[in-house]
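Notes to accompany the following structure.
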Amino acid sequence: MSTVEGDFLATMDNIKKITETGYTYLMARKPETWCKAFFSHGYACEAVENGVAECFNDMIKVIRKKPLLTMLEEIRILLMKRLWKVVPSGGDVFETRYGYNGYKVDLATHTCTCNLWMFSGIPCVHSQAAINYIHKDPSQFLSSWFHKDKYVATYSQNIQPVGGSNLWPRIDFIKPLPPPVRRMSGRPKLKRVKNASESQDAKYPSQRLKVPRTVRCGKCQQLGHNKISCTNDEVPKPPVPKRKIVRPRKDGGGQPIFDQFPPVGPLIP
């Protein structure tokens, strides 16, 4: 996902060129709720899906079928091609470049212009390149939320016990009661109501969205309306060609004669 607003807008422009409907659908879902470019910083978690490992599996889809040593060697070469070039800019500030892409990394403030480091709390690939350039330990640049003291502080307090309802103090107010049960018309639904986009991926064709049937007028033979609301002149209905049924000719004894396709086995009268 895009972590910079400019990349997000460029991606959405490409989607708009392919499908106007898809672009409208995505923009109506409030991008600030699902695009990393609009997320807040400081939560030390950037995962929004569970398919992280699938990216690596897709990269080695062909390589993984080769012998062990050949597979490991090609994976090593593949990873070496993804290394970034680091340009020092003074102090703890660096510029990491890969092709035409360049990002500013500030190791002192734990920031990168890709925004991924601030989202996850874990150094991104650009900051990792800068950290390796100065021969530092990447674990020193993790967010404090990953430190041991934060974990200990999370479970340092226990839940205080609470007495049962027989120990609660009596009050003069009316006890809250549940709302009256009202039976709705029709058979109660046991399954949740699916969104229209979910029905497209249904397992069985009967569960998918039904395509509206096109109506043809029986008076003017045009599409989009019926003859009850038709105001056009009547047009004769085109004749439907009849299917020609070919029957084999029979000889004098009542047996069929096959001119082109002789029978394979004996004929059954």
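The values are calculated or read from the model by the stated rules, or taken from the named source; none is laboratory data. All values reported here derive from a predicted model rather than from experimental measurement. Here Cβ is always computed from backbone atoms with ideal geometry, including for glycine, and neighbour counts include all displayed protein chains. Heads up: the accessible areas ignore ligands, DNA and RNA and are worked out on the full protein's heavy atoms, side chains in. Shrake-Rupley method; radii C 1.70, N 1.55, O 1.52, S 1.80 Å.
Pull up segment 2-32, narrow it to residues that are of a type in the set (D, E, K, R) and exposed (fewer than 12 other Cβ atoms within 10 Å of the Cβ), then point me to the one that is nearest to residue 118 (Cα to Cα).
The first filter runs over segment 2-32 and keeps only residues of a type in the set (D, E, K, R), leaving 5, 7, 13, 16-17, 20, 29-30, 32.
Subset that is exposed (fewer than 12 other Cβ atoms within 10 Å of the Cβ): 13, 17, 20, 29-30, 32.
Values: 13: 26, 17: 32, 20: 33, 29: 24, 30: 22, 32: 16 Å.
Per the stated criteria, the residue is 32.
Conditions: (1) open to solvent by 70 Å² or more (accessible area, probe 1.4 Å); (2) under 30 Å from residue 79 (Cβ atoms). Residue 129 meets all but one. Number of the miss?
Single failed check for residue 129: (1).
Among the residues of segment 136-147, is any open to solvent by 60 Å² or more (accessible area, probe 1.4 Å), out of contact with any helix residue (DSSP H, G or I) (no Cβ under 9 Å at 6 or more places or on another chain) and closer than 19 Å to residue 80 by Cβ?
Checked segment 136-147: no residue is open to solvent by 60 Å² or more (accessible area, probe 1.4 Å), out of contact with any helix residue (DSSP H, G or I) (no Cβ under 9 Å at 6 or more places or on another chain) and closer than 19 Å to residue 80 by Cβ.
Tell me which helices (runs of 4 or more DSSP H) are completely within segment 1-77 and hold 1 or more residues being free of Cβ contacts under 8 Å to residues at least 40 places away in the same chain and farther than 30 Å from residue 143 by Cβ, or say none if there are none. Show your work before the answer.
Working: elements: 5-18, 20-28, 52-59.
Counting at least 1 such residues, we get 5-18, 20-28.
If I filter segment 211-269 down to residues being aliphatic (A, V, I, L, M) and within 30 Å of residue 196 (Cα to Cα), which single residue comes out as modelled with the lowest pLDDT? Even if it seems obvious, please write down each step before you answer.
First, pick out the residues of segment 211-269 that are aliphatic (A, V, I, L, M): 211, 215, 223, 228, 235, 240, 245-246, 257, 264, 267-268.
After this cut, where a residue has to be within 30 Å of residue 196 (Cα to Cα) as well, the list is 211, 215, 223.
Numbers: 211: 58, 215: 84, 223: 85.
The selected residue is 211.
When segment 71-83 is examined, which residues are found to be of a type outside the set (Asp, Glu) and open to solvent by 60 Å² or more (accessible area, probe 1.4 Å)?
Scanning segment 71-83 gives 72, 76, 77, 79, 80, 81, 82, 83.
For residue 194, indicate whether it is assigned to a loop (DSSP other than H, G, I, E, B) and either touching a Ser or Thr at 6+ places or on another chain (Cβ under 7 Å) or within 30 Å of residue 22 (Cβ to Cβ) (or both).
When the stated conditions are applied, residue 194 passes them.
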